[in-house]
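Engineer: I'd like to ask some things about the structure below.
The values are calculated or read from the model by the stated rules, or taken from the named source; none is laboratory data. Owing to the predicted nature of the structure, the values given are computational and were not obtained by experimental measurement. In this analysis, Cβ positions are derived from the backbone assuming ideal geometry, glycine residues included, and neighbour counts consider all displayed protein chains.
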Ligand code: BV8
Ligand code: ZN
């Protein structure tokens, strides 16, 4: 039984990492990165998430991110789901001890930019009594948002970067008045550069605080150190197509560690994984870790 085999392996694991992707947040109402449809059906999201696209048409790229922010802010009523909460509990030594008694460390490396994993930690932290020992607390520095954060607004000229949940970020991005604004590929508005989001420190053009294709992911040297040390890697809700995140699991395996994949559809990571759980991660993680539900 795969669950028993994985739990046996976890009992002897020392350094556990989770590599997460858009599937982790699907149950929270956040569309996965490669699902078709939606406002951008005639445009391919991966061609918009690049510095070249932003340089060529910052107005269109900002509309793409505004749409995803609005989708997330309006679905930001969407809360972290059970999968986020189970992963957050694994960062609490007292909870982790129940499934991995020998584990010295736990880290989540997420490709997601929606902040939901951090919010799950924050909600756990808010439930812990002030006088509780560190072993009862979530480790707030255990999450690495390697592709940045969609609600961060970053300057294109100075190093100013701030989390800004405003909706819209600036008046020009308030496209709610445009009737059936349902496909910016054909029906986009040209927002003049000076009306796009500006840096509040130097007033230069601002950009979304995410890592685009061709850009170096955040905290990569620290992440590489964690991947090197890990002897257990849970891969949750990712098609494992985007590098370098998609390379981490095989690096753990090459050094004798174990890999468990939790994914709705078959993924590139499946064939070499030691354990594969096919289904929604919010259900599968609950089946493997009933004590963390
Ligand atoms: C880098 C932020 C160099 C932005 C993202 C040619 C030119 C330039 C670059 C390249 C090139 N060829 C290859 C590259 C490298 C490139 C890359 O990998 N490209 C791919 C497309 C081939 N990578 C990069 O450019 C990276 N940088 O390489 O720099 C470098 C490298 C090393 C060291 C130094 C320098 C930067 C990549 C970051 C791009 N930014 N996001 C934004 O969000 O707008 S990536 C984006 O894709 C999201 O972050 C997303 O998370 C990520 C990965 O996608 P997934 O999360 O896997 O989402 P997907 O929809 O694909 O899959 C979801 C899965 O969930 C599905 O399998 C589904 O079945 C499953 N699922 C659904 N529901 C559930 C579920 N599973 C479980 N439960 C459910 N309920
Ligand atoms: Zn600036």
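Engineer: Which condition from (1) in contact with a helix residue (DSSP H, G or I) (Cβ under 9 Å, 6 or more places away or on another chain); (2) in a strand (DSSP E or B) is the one that residue 228 breaks?
Structural biologist: Going through the list (1) in contact with a helix residue (DSSP H, G or I) (Cβ under 9 Å, 6 or more places away or on another chain); (2) in a strand (DSSP E or B), residue 228 breaks only (2).
Engineer: Restricting to segment 1-38, name every residue that is modelled with pLDDT under 95, more than 8 Å from ligand 1 (Cβ to nearest atom) and either surrounded by fewer than 21 Cβ atoms within 10 Å (Cβ to Cβ) or part of a loop (DSSP other than H, G, I, E, B) (or both).
Structural biologist: Within segment 1-38, 1, 2, 28, 29, 30, 31, 36, 37, 38 qualify.
Engineer: Something else now. Taking the residues in segment 204-225 that are in contact with a helix residue (DSSP H, G or I) (Cβ under 7 Å, 6 or more places away or on another chain) and surrounded by 16 or more Cβ atoms within 10 Å (Cβ to Cβ) as candidates, determine which candidate is farthest from residue 266 (Cα to Cα). Before the answer, list the steps.
Structural biologist: At the first step, the residues of segment 204-225 found to be in contact with a helix residue (DSSP H, G or I) (Cβ under 7 Å, 6 or more places away or on another chain) are 205, 207-208, 212-215.
Now drop any that are not surrounded by 16 or more Cβ atoms within 10 Å (Cβ to Cβ), which leaves 205, 207-208, 212.
Working: 205: 41, 207: 34, 208: 31, 212: 25 Å.
Top of the filtered list is 205.
Engineer: In addition: Name every residue in segment 189-210 that is within 16 Å of ligand 1 (Cβ to nearest atom) and in a strand (DSSP E or B), in order of residue number.
Structural biologist: Within segment 189-210, 206, 207, 208, 209, 210 qualify.
Engineer: Counting only residues that are out of contact with any helix residue (DSSP H, G or I) (no Cβ under 8 Å at 6 or more places or on another chain) and over 17 Å from residue 22 (Cα atoms), which one in segment 231-262 is nearest to ligand 1 (Cβ to nearest atom)?
Structural biologist: Filtering segment 231-262 for residues that are out of contact with any helix residue (DSSP H, G or I) (no Cβ under 8 Å at 6 or more places or on another chain) and over 17 Å from residue 22 (Cα atoms), the one nearest to ligand 1 (Cβ to nearest atom) comes out as 250.
Engineer: Here's another thing I want to ask about it. I need a count of the residues in segment 141-155 that are more than 19 Å from residue 22 (Cα to Cα) and away from ligand 1 (no atom under 16 Å from the Cβ). I'd like the intermediate steps shown before the answer.
Structural biologist: Residues of segment 141-155 that are more than 19 Å from residue 22 (Cα to Cα), as a first pass: 141, 153-155.
Within this subset, residues satisfying the condition of being away from ligand 1 (no atom under 16 Å from the Cβ) are 141, 155.
Here the count works out to 2.
Engineer: If I filter segment 263-284 down to residues being touching a strand residue (DSSP E or B) at 6+ places or on another chain (Cβ under 6 Å) and either in contact (Cβ under 8 Å) with a residue 60 or more places away in the chain or farther than 15 Å from residue 24 by Cβ (or both), which single residue comes out as farthest from ligand 1 (Cβ to nearest atom)?
Structural biologist: 274
Engineer: Residue pairs, Cβ under 9 Å, 6 or more apart or interchain, first in segment 224-250 and under 19 Å from residue 47 (Cα atoms) and not assigned by the TED database to the domain that holds residue 113, second modelled with pLDDT of 95 or more and crowded, with 16+ Cβ neighbours inside 10 Å. List them.
Structural biologist: Taking only residues 6 or more apart or on different chains, not a single pair turns up.
Engineer: A follow-up question, please. Just checking, how many residues over segment 160-170 are surrounded by 13 or more Cβ atoms within 10 Å (Cβ to Cβ) and within 16 Å of ligand 2 (Cβ to nearest atom)?
Structural biologist: 6
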